[in-house]
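Working notes, beginning with the structure itself.
The values are calculated or read from the model by the stated rules, or taken from the named source; none is laboratory data. On a predicted model such as this, the values are computed, not experimentally measured, just so you know. Glycine also receives a Cβ, built like all others from the backbone with ideal geometry; neighbour counts cover every protein chain displayed.
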Amino acid sequence: MLKDCKAGERFEGIVLVNEWKEVAFRQKPGAYLSLMCQDRSGMIQGKMWNYDPQVIEWLHNQDIFRVKASASEYRGTLDLTIETLRMVPEDAVDLSDLLPSSPVTAEELEHRLESLVNKIAQPELKTLLKEFLTNPVWGPAYRQAPAAMKIHQAYLRGLWEHSVRVAEIAEEIARLYPKMDGGLVMTGALLHDIGKVGEYSYTRGIKVTTEGRLLGHIILGIEILTDEIAKIPNFPRELRSKLLHIITSHHGKYEWQSPKKPKLMEALVIHYADAMDAELFHFEQAKENHPDDEWSPYIPSMERCLYLK
């Protein structure tokens, strides 16, 4: 596993190449390959200084390879110097060995999800959630999709884990404000990111789909929610508008590609609960990855280092 790599040691194994590019040398003709290598234990940047032109053709058509490499440390970061790279047939690989999954088990997530749904009193909201979660397409996708490509919970079951945690955070906040609709908060939190089931493909690494690139998960989520609500007879029009507003506004700011700012108490809570879970995820990961360090490395998405003690 990649997580077991140590500077100065050899590595040989099967990896999924998530991203790759040719990089021109600065002071001499030619280029080297930069590859992001992944298995279920994590990701490591690899560099291939000498390569046959055929390798480029392989990388265009394939993303799973057997590599032989040596590990080294540069500026505090471990990377791989890749010596050989060979294609691996798709049917010779168990993708669960290459794609990371949520550390929270499916059994625990299902229990927490059911607990949240059972607390919702409004019959229309409970029906909507049950219809969505048992849908033969959306139900499995919701429980399998990642929450992101890189930023937070970028692994299988990540969307499920993130949605449940956002709903649990939002539920606790709603308890403090009696005028808030707790059922709407929990329903909106569980459904706020459903568009990600169409934004990402995750059968061979996590990648953005064509629909994801063209529309994004907010628009896709609105489409899914609109279709699911249309299946429920006499679903209240105002309740429909509130749920759609929660999806539309959950990014909170126009500069964060949010079509609307939150204009409901429930939408505001979901926006902050969403951001809180995503940012606290970085703290958890930093503490796990740097258990003996006082400070984390600089985290670009948070624009700062994190204090870990």
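Observations
- Members of segment 202-249 that are in a helix (DSSP H, G or I) and hydroxyl-bearing (Ser, Thr, Tyr): Thr210, Thr226, Ser241, Thr248, Ser249
- Selection count, segment 250-266, where residues are out of contact with any Lys or Arg (no Cβ under 8 Å at 6 or more places or on another chain) and either at pLDDT 95 or above or assigned to a loop (DSSP other than H, G, I, E, B) (or both): 8
- Pairs meeting the criteria (first residue in segment 269-281 and in the same structural domain as Leu191 (by TED's automatic domain parsing) and in a helix (DSSP H, G or I), second residue modelled with pLDDT of 95 or more and of a type in the set (Gly, Ala, Ser), beta carbons under 6 Å, at least 6 apart or on different chains) are Val269/Ala170; Ile270/Ala170; Ile270/Gly188; Ile270/Ala189; Ala273/Ala170.
- Selection within segment 15-39 - within 14 Å of Pro100 (Cα to Cα) and out of contact with any helix residue (DSSP H, G or I) (no Cβ under 6 Å at 6 or more places or on another chain): Val15, Leu16, Val17, Asn18, Cys37, Gln38
- Answer residue from segment 203-240, given it is surrounded by 12 or more Cβ atoms within 10 Å (Cβ to Cβ) and of a type in the set (Gly, Ala, Ser) and is modelled with the lowest pLDDT among those: Gly205
- Residue in segment 151-161 that is within 16 Å of the chain's Cα centre (by Cα) and closer than 16 Å to Leu128 by Cα present: no
- Residue within segment 236-243 that is of a type outside the set (Asp, Glu), in the same structural domain as Arg143 (by TED's automatic domain parsing) and in contact with a Gly (Cβ under 7 Å, 6 or more places away or on another chain) present: yes
- Verdict on Asn135 being out of contact with any strand residue (DSSP E or B) (no Cβ under 7 Å at 6 or more places or on another chain), loosely packed, with under 14 Cβ neighbours inside 10 Å and of a type in the set (S, T, N, Q): no
- Subset of segment 64-77 that is touching a Gly at 6+ places or on another chain (Cβ under 8 Å) and within 30 Å of Thr203 (Cβ to Cβ) - its residue that is surrounded by the most Cβ atoms within 10 Å (Cβ to Cβ): Ala69
- So Leu80, is it in a strand (DSSP E or B), within 25 Å of the chain's Cα centre (by Cα) and surrounded by 11 or more Cβ atoms within 10 Å (Cβ to Cβ): yes
- Pro146 being assigned by TED's automatic domain parsing to the domain that holds Val166, more than 23 Å from Arg240 (Cβ to Cβ) and touching a Phe, Trp or Tyr at 6+ places or on another chain (Cβ under 6 Å): yes
- Enumeration of residues in segment 2-39 that are surrounded by fewer than 18 Cβ atoms within 10 Å (Cβ to Cβ), in a loop (DSSP other than H, G, I, E, B) and on the phi < 0 side of the Ramachandran plot: Lys6, Ala7, Glu9, Phe25, Arg26, Gln27, Lys28, Pro29
- Residue within segment 132-145 that is basic (Lys, Arg), within 22 Å of the chain's Cα centre (by Cα), closer than 27 Å to Arg40 by Cα and in a loop (DSSP other than H, G, I, E, B) present: no
- Within segment 238-262, the set of residues being of a type in the set (D, E, K, R) and under 16 Å from Tyr272 (Cα atoms) comprises Lys253, Glu255, Lys260, Lys261.
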